[in-house]
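Trainee: Once you've had a glance at the structure underneath, I'll fire off some questions.
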Amino acid sequence: MATTLEPESPRKATPLQVAKAVLSAFIGIRRRAAHEHDAVTLSPVQVIVAGVIAAAILVLSLVMLVRTITS
Amino acid sequence: MEAAHAHHGHGDHAHHPYGIMRWITTTNHKDIGTLYLVFSLTMFFIGGLLAMGIRLELLEPGMQFWRPEFFNQLTSMHGLIMVFGAIMPAFVGFANWQVPMMIGAPDMAFARMNNWSFWLLPVGATLLVASFFVPGGATAAGWTIYAPLSTQMGPGMDLAIFALHIMGASSIMGSINIITTILNMRAPGMTLMKMPLFVWTWLITAYLLIAVMPVLAGAVTMLLTDRHFGTNFFNAAGGGDPVLFQHVFWFFGHPEVYIMILPGFGIVSQVVPTFSRKPLFGYSSMVYATASIAILSFIVWAHHMFTVGMPAVAQLFFMYATMLIAVPTGVKVFNWIATMWKGSLTFETPMLFACGFIFVFSMGGFTGLVLAITPVDIQLQDTYYVVAHFHYVLVAGSLFALFAGVYFWIPKWTGHMYDELLGKWHFWLSMIFFNITFFPMHFTGLAGLPRRVPDYNMQFADFNFISSIGSFGFGLSQLILVYVVVKCIRGAGEKVSDKVWEGAHGLEWTLPSPPPYHTFETPPVVK
């Protein structure tokens, strides 16, 4: 299977790195070098978990924003 | 994957039935891709015929041709057939043809399921089309089949519900197949971040499909039990709530919009770099933006239903969330233009359609932003402004991207170059007639012309006349596509080389044109 043929991850990404990658994804902008670094250090599980958390944070912050405006 | 290798390992490539049985029993991704594309082209013309019926009635004020009930059937079935019969299967057809060739896989992961997911579609389509001939005719509740209209109609509605079930099952199986193929069957060295963008967009689209098609299935099943088994999910008299249907439907419906456009983004992202002779600007941004659009698509559904009433907090939430989508979409449009910037550009037909896509889709995106503003939307809900908006994103967006893809890859698929002159005619006539048809709808919509109504006030007569003439022109222009495609398949065009386009990159261009029946039985190595 192709996944086993990918280069071994040099090391696991820290939560901060995962957060940075996912936040860039939310805007849709990422530098090539940073992205290539992500590609070897991030695992899909990390990205999915961080993506769900970030989506929840986005929803909550939007809710807080609209509550502040309407109150 | 082992099974696929073992099956193809016999070496004799000609071992498949001939004639009609070849197509019925095929498990070959190229054959199934062709079936999907032929099916969707057929449905495109059936849906187009219904559109012609709509525009014929709207050519002049007053009732000319149809009864109002039949007019409603035309609008509803036009939407259902175009969304579920034409656009979605066309993209799956592209995925079948291209994904294995682009990632260096010998076939799709589940070849037999692939056959099954295609052959469900003609069954669903037959149910849909046959519903015109049952008592009461086809569903006339709009493509959104809102309750309580949809809980009251005749058997045509049941046929539409079953058709949606079947086509939904087909989409889910197709998506499982695409995801498994992409994640498990890439050639050595083809890491995720080396995949062509078309493959990326399909991977994300397939996840969207798996997430939302069961939601639609749930909604229409609740509708079915409300109609026949005494439940009251959507019946206010029985304690249910028709607004619930709208929420559930649009929780499916909004990601569905992105399901219909993301693979189009993928095709355009293959075409633009090829004819700019430059690599795609911001490849990783494109991947990230696609993922971002997919995530955001789940938190904006209620912008389709601002007028049904919701708290101001909810209105603001959905308005802001919807506007946020402009950011990643803007990134994509920026990247396509940056790819073209200082490129060595040529404008063959695929590039013309890609440029047309970028221009006209952006206009549809902007009207989407206008409609995202709650107070504006409340004025424009169910007017022709909305009809103009979604045809700008679905016709000039999805359909033009599909046309770009057809012209881009048909020389590879058939081994013969299409007729460039006719291709250019097809583009220009489509582009001009599309705008003649749909641009005036912005004006009629702003002036308050409601959609899904067969008659209108005299003040709208001129713009409707223009729209109708444009639509007949657009419909007729599509015959050029059929002629060009048939000509290519019959081998009339000049023979093409493996790498059809000078600026093309990717594994599919290393294969002969047309590619042999089985390709990449020995996986290529990607550096």
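Every read-out reported here was derived from the displayed coordinates using simple, explicitly stated rules and does not represent laboratory data. Remember, predicted model here, so these are calculated numbers, not experimental data. Note: ideal-geometry Cβ built from the backbone for every residue, glycine included; neighbour counts use all protein chains shown.
Trainee: For segment B:185-264 and segment B:453-492, compute the distance between their C-alpha centroids and round to whole Å.
Mentor: Taking the Cα centre of segment B:453-492 as reference, the centre of segment B:185-264 is 30 Å away.
Trainee: Can you work out ³J(HN,Hα) from phi for every residue in segment A:57-71, in order, using Karplus 6.51 cos²θ - 1.76 cosθ + 1.60 and θ = phi - 60°, giving whole Hz and x for Gly and Pro?
Mentor: Values, residue by residue: 5, 4, 4, 4, 5, 5, 4, 4, 4, 5, 5, 4, 5, 7, 7 Hz.
Trainee: What does the charge count near residue B:31 come to, summing +1 for each Lys or Arg and -1 for each Asp or Glu among other residues with Cβ under 15 Å from its Cβ?
Mentor: Combined, the nearby Lys, Arg, Asp and Glu give +2.
Trainee: Relative to the compact globular guide of 2.2 N^0.38 Å, what is the alpha carbon radius of gyration of segment B:1-195, as a ratio?
Mentor: In units of the 2.2 N^0.38 Å rule of thumb, it is 1.23.
Trainee: Roughly how crowded by other chains is peptide B:296-305, in terms of the mean Cβ count from those chains within 10 Å of each of its Cβ atoms?
Mentor: For peptide B:296-305, the averaged partner shielding equals 1.
Trainee: Follow-up question, since we're still on this one. What order, most packed first, do the peptides B:229-236, B:368-375 have when packing is the mean number of other Cβ atoms within 10 Å of each residue?
Mentor: Packing order, densest peptide first, comes out as B:368-375, B:229-236.
Trainee: Among B:237-249, B:450-462, B:214-226, how do they line up from the highest to the lowest mean number of other beta-carbon atoms within 10 Å?
Mentor: In decreasing order of mean packing, B:237-249, B:450-462, B:214-226 become B:214-226, B:237-249, B:450-462.
Trainee: About the Cα centre, and with charges only on the beta carbon of Lys, Arg (+1) and Asp, Glu (-1), how big is the dipole of segment B:1-195? Nearest 20 debye, please.
Mentor: The calculation lands at about 280 debye.
Trainee: Can you run phi through the Karplus equation (6.51, -1.76, 1.60; θ = phi - 60°) for segment B:429-442 and list ³J(HN,Hα) in whole Hz, with x for Gly and Pro?
Mentor: Per residue, the Karplus-derived 3J(HN,Hα) values read 5, 4, 4, 5, 5, 4, 5, 5, 5, 9, 5, x, 5, 4 Hz.
Trainee: Also, I was wondering about something else. If we sort B:252-261, B:129-138, B:402-411 on the protection proxy, mean other Cβ atoms within 10 Å, highest first, what's the order?
Mentor: The most tightly packed comes first, giving B:402-411, B:252-261, B:129-138.
Trainee: May I pose another question? If you add up the charges near residue B:338, with Lys and Arg at +1 and Asp and Glu at -1, over every other residue whose beta carbon is less than 11 angstrom from its beta carbon, what do you get?
Mentor: Residues close to residue B:338 contribute a combined charge of +3.
Trainee: As a check on your grasp of the helix formula, calculate [θ] at 222 nm for the protein assembly as shown: sum -39500 (n - 2.57) over DSSP H runs of n ≥ 4, divide by the residue count, round to the nearest 500.
Mentor: -22500 deg cm²/dmol, from helical runs alone.
Trainee: Another question, if that's okay. Across the residues of B:330-339, average count of Cβ atoms on other protein chains within 10 Å?
Mentor: Going residue by residue through B:330-339 and averaging, the value is 1.
Trainee: Sticking with this structure for a sec: Please report the spacing between the Cα centers of segment B:77-153 and segment B:387-427 in Å, no decimals.
Mentor: Here the two parts' Cα centres lie 20 Å apart.
Trainee: Using just the C-alpha positions of segment B:321-405 as equal point scatterers, what log10 of I(q)/I(0) does the Debye formula give at each q in 0.13, 0.14, 0.15, 0.23 1/Å?
Mentor: -0.47, -0.54, -0.61, -1.11
Trainee: Based on Cβ point charges of +1 for Lys and Arg and -1 for Asp and Glu, what charge dipole magnitude is obtained for the protein assembly as shown about its Cα centre, in debye rounded to the nearest 20?
Mentor: The calculated dipole for the protein assembly as shown is roughly 1120 debye.
Trainee: Also, quick follow-up: Enter the angle in degrees (range 0 to 90, nearest 10) between the Cα long axis of helix B:312-324 and the first principal axis of the Cα atoms of chain B, meaning the one along which they spread out most.
Mentor: In chain B, helix B:312-324 runs at an angle near 30 degrees to the longest axis.
Trainee: Could you work out the mean count of beta carbons from other protein chains within 10 Å of each residue's beta carbon in A:19-29?
Mentor: The shielding value for this peptide is 6.
Trainee: Also, I was wondering about something else. Please list the non-local residues whose amide H lies under 5 Å from the amide H of residue B:235, H modeled 1.01 Å from N, same-chain partners needing a gap of 5 or more.
Mentor: B:240, B:241
Trainee: Can you list the residues, at least 5 places off or on another chain, whose amide H is less than 5 Å from the amide H of residue B:383, using H built in the peptide plane?
Mentor: B:451
Trainee: May I ask for the net charge around residue A:47, where only other residues with Cβ less than 12 Å from the Cβ of residue A:47 are counted and Lys, Arg are +1 while Asp, Glu are -1?
Mentor: It works out to a net charge of 0.
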